[in-house]
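The values are calculated or read from the model by the stated rules, or taken from the named source; none is laboratory data. If you're wondering where the values come from, they're calculated on a predicted model, not measured in any experiment. Cβ placement follows ideal geometry from the backbone for every residue including glycine, while neighbour counts extend to all protein chains displayed. Remember, those area values only see protein heavy atoms, side chains included, never the ligands or the DNA or RNA. Shrake-Rupley method; radii C 1.70, N 1.55, O 1.52, S 1.80 Å.
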Amino acid sequence: YTIGPCGEELLGAASLHLQDIDSVALHYRHTANSIVRQLRTRGADEILLDRARAYTCSSLDPVTHGRHCSIGGGPNEFLVTSTLASQCPPAVGRALGIPLAQALKLPDATFDKNAISYVSVGDGSTANAHFLSAVNLSKYAAFKGTKVPLVFGVSDNNMCISLKGTGYLRHLVDSLDLKTFTANGCDLYDVYSQSQKAISYARKYSKPSLILYTDLPRRFGHAGTDRQFAYLTAEEIEAQEQADPLSGAMAEAVDAGLMSYEQLQGRVLDMEEAVIEAFEKASEEPKLTSRDTLVMSNSAPLQPKPESKVKEGGVVGGKGDRVVMRKLITGSIREILDRQDGKGIYIGEDVEHGGYYLASDGLKAEFPLRVHDYPPDETTLVGAGVGLAQVGFVPVVELPYAKYLDCGADMFQESLITHWLSDGTQSNGMIYRLQVRLTLSLSLCSASTHCLLLSLYPL
């Protein structure tokens with residue numbers, strides 16, 4: 001997996017302002033941010049070995065256990081796939097869940113009350129629906145007065161593989177109308193100071209902010225398979241290779257008297273030797289060779305059926321042998337929201353007034369902080385559900401009809417694949433409630449490996 005961070009190393013300075021209590025989801029080019037956070041508690045050799053394990057698909061890789069290559073390993077750092085901006089909707093969900101967990105006094109909440117959610121993307125990812133949906137949900141929540149301690153970090157090297165940005169990103173960012181801070185990605189001091197402002201703003205006011213890192217080079221192409229010569233001139237490729245922010249930062253360190261060029265050269269040579277040694281060791285470590293091992297991690301183990309508050313043969317909301325299906329559904333949702341552990345939460349597009357077919361009728365009055373309307377966007381509904389689950393809730397996500405799941409299919413698939421990629425170590429369990437025809441419900445159940453689909457009844 002050869003996508004590299006060359007040219008974006010100085011963005012690691014942003015992590016000096018991100019605390020261990022914060023939620024972090026990083027773009028695959030932002031390896032430096034992950035390493036800076038880990039250096040607080042881990043040695044460089046240990047970090048190097050784990051990075052080498054990721055690239056060589058060692059089964060000892062702590063992030064994916066040999067399934068893929070994803071950055072991570074730091075405290076509260078969430079696994080991110082290479083799907084464009086797919087990390088953004090769950091990041092908003094965590095930002096919404098952090099203050100909500102405090103308001104509800106959620107036992108064993110994942111995050112401290114002062115935590116924020118930080119998510120980073122590249123300039124190409126900002127055109128993706130995942131990013132735009134996440135921005136919209138964060139703005140919607142903030143507009144309604146809901147706390148959203150969130151920072152979007154956007155790095156702009158003006159290239160999305162072969163697609164040149166031509167300066168459009170600045171126009172897009174301005175149109176988003178978020179509190180925005182801008183830093184020159186090749187200036188270490190600027191990255192440090194502007195990142196501090198953006199992160200401090202989100203932490204102090206519990207509102208979303210965005211920091212744009214500009215003027216970044218993309219050294220050595222997008223990936224090892226990138227045919228730069230097909231869309232860049234030789235002069236353009238050379239100019240990108242020569243633009244080295246890290247060398248500039250080293251020169252500033254020498255000018256500031258922190259170390260000499262001789263000391264820097266010695267450190268670079270030592271690091272080169274350590275990297276080679278780490279890769280040699282990791283490449284000899286065991287790989288995943290068993291199909292059964294991979295299949296076993298496709299889904300979480302089934303949990304025992306909880307004891308129902310409804311007596312055997314009883315009904316909810318009526319008398320006699322016959323009862324309207326929706327009242328049974330309402331009773332089931334009520335049980336979830338009334339859990340003794342306080343983890344139940346219900347979100348959807350129109351659930352506060354009772355929702356489609358009155359399935360959530362009266363629940364907002366009973367559980368005012370546990371029933372929430374979100375905008376009609378399935379990407380953010382499913383993604384926010386993932387984030388809320390990672391805060392410690394058990395969210396029920398209502399989608400009006402099974403067909404609407406198509407609109408959130410990308411995020412739905414992400415919720416499944418991250419369970420597999422992390423070997424079940426990254427929590428994202430939730431319940432989807434939707435109306436489906438019986439034939440469709442069967443196919444959904446077979447695809448939904450770790451998510452329960454509730455209310456499967458023919459229309």
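Can you give the accessible area of E262, probe radius 1.4 Å, in Å² rounded to 10? Solvent-accessible area, nearest 10 Å²: 130 Å². If you compute percent of Cα pairs over 42 Å apart for the structure shown, which of (i) 8; (ii) 20; (iii) 35 do you land on? Step by step, percent of Cα pairs over 42 Å apart for this structure corresponds to label (ii). Taking every C-alpha pair closer than 8 Å and separated by at least 6 residues, the mean separation divided by the residue count of the chain gives a relative contact order of 17 percent.
Evaluated with a Cβ-only charge set (Lys, Arg +1; Asp, Glu -1), segment 222-289 carries a dipole of roughly 240 debye about its Cα centre, given to the nearest 20. Is the shape of segment 256-406 best called rounded, prolate or oblate, per the rule: a/c under 1.5 gives rounded, else a/b larger than b/c gives prolate, else oblate, with a ≥ b ≥ c the square roots of the Cα gyration tensor eigenvalues? It is prolate, given that a/c is not under 1.5 and a/b is the larger ratio.
Students often get this wrong, so check it: of K179/K204; K105/K197; K139/K179, which have C-alpha atoms separated by over 20 Å? Table pairs above 20 Å Cα-Cα are K105/K197.
Kindly provide the helix-only [θ] at 222 nm of the chain, computed as the sum of -39,500 (n - 2.57) over DSSP H runs of four or more divided by all residues, to the nearest 500 deg cm²/dmol? Each step should come with its number before you reach the end.
Working: 15 runs with 181 residues, N = 459.
After summing the helix terms and dividing by residue count, I get -12500 deg cm²/dmol.
Judged by the gyration tensor of its Cα atoms, with axes a ≥ b ≥ c, segment 323-441 is oblate; a/c meets the 1.5 cut and b/c is at least as large as a/b. Membrane-span-like helices of the chain, defined as complete DSSP H segments with a Cα extent of 24 Å or more along the helix axis and a mean Kyte hydropathy of at least -0.5, are identified as 261-283.
Can you compute the equivalent ellipsoid semi-axes for segment 150-205, i.e. the square root of 5 times each eigenvalue of the Cα gyration tensor, sorted largest first and rounded to whole Å? Mind dumping the intermediate values first?
Values: eigenvalues 100, 44, 14 Å².
After scaling each eigenvalue by five and taking roots: 22, 15, 8 Å.
Of L421, L48, A95, whose Cα points farthest to the positive end of the dipole of the chain (charges on the beta-carbon: +1 Lys, Arg; -1 Asp, Glu; origin at the Cα centre)? Towards the positive end, the residue furthest out is A95. Positive end of the dipole of the chain (Cβ unit charges, origin at the Cα centre): among Y356, L18, A141, the Cα lying farthest that way belongs to Y356. Starting from the Cα gyration tensor of segment 258-308, take the square roots of the eigenvalues, sort them a ≥ b ≥ c, and report rounded, prolate or oblate (rounded when a/c is under 1.5, otherwise prolate if a/b is larger than b/c, else oblate). Oblate, because a/c is 1.5 or more while a/b does not exceed b/c. In a simple Cβ point-charge model (Lys, Arg +1; Asp, Glu -1; nothing else charged), the chain has a dipole of about 2340 debye relative to its Cα centre.
Taking all Cα pairs closer than 8 Å and separated by 6 or more residues, the relative contact order of segment 1-74 comes to 27 percent. Return the ratio Rg/(2.2 N^0.38 Å) for segment 3-50, where Rg is computed over Cα atoms only. In units of the globular-protein estimate, segment 3-50 measures up at 1.10.
Please list, or write none, the lysines whose alpha carbon is within less than 20 Å of the alpha carbon of K327, excluding same-chain residues fewer than 8 places away. Here the lysines satisfying the reach criterion relative to K327 are K309, K311, K319, K364. Ranked by the mean number of other Cβ atoms within 10 Å of their residues, highest first, the peptides 198-205, 394-401 come out as 394-401, 198-205.
What is the antiparallel percent of DSSP beta bridges lying wholly in the chain, to the nearest 5?
Working: 2 of 38 bridges.
Among the beta bridges of the chain, antiparallel pairing accounts for roughly 5 percent.
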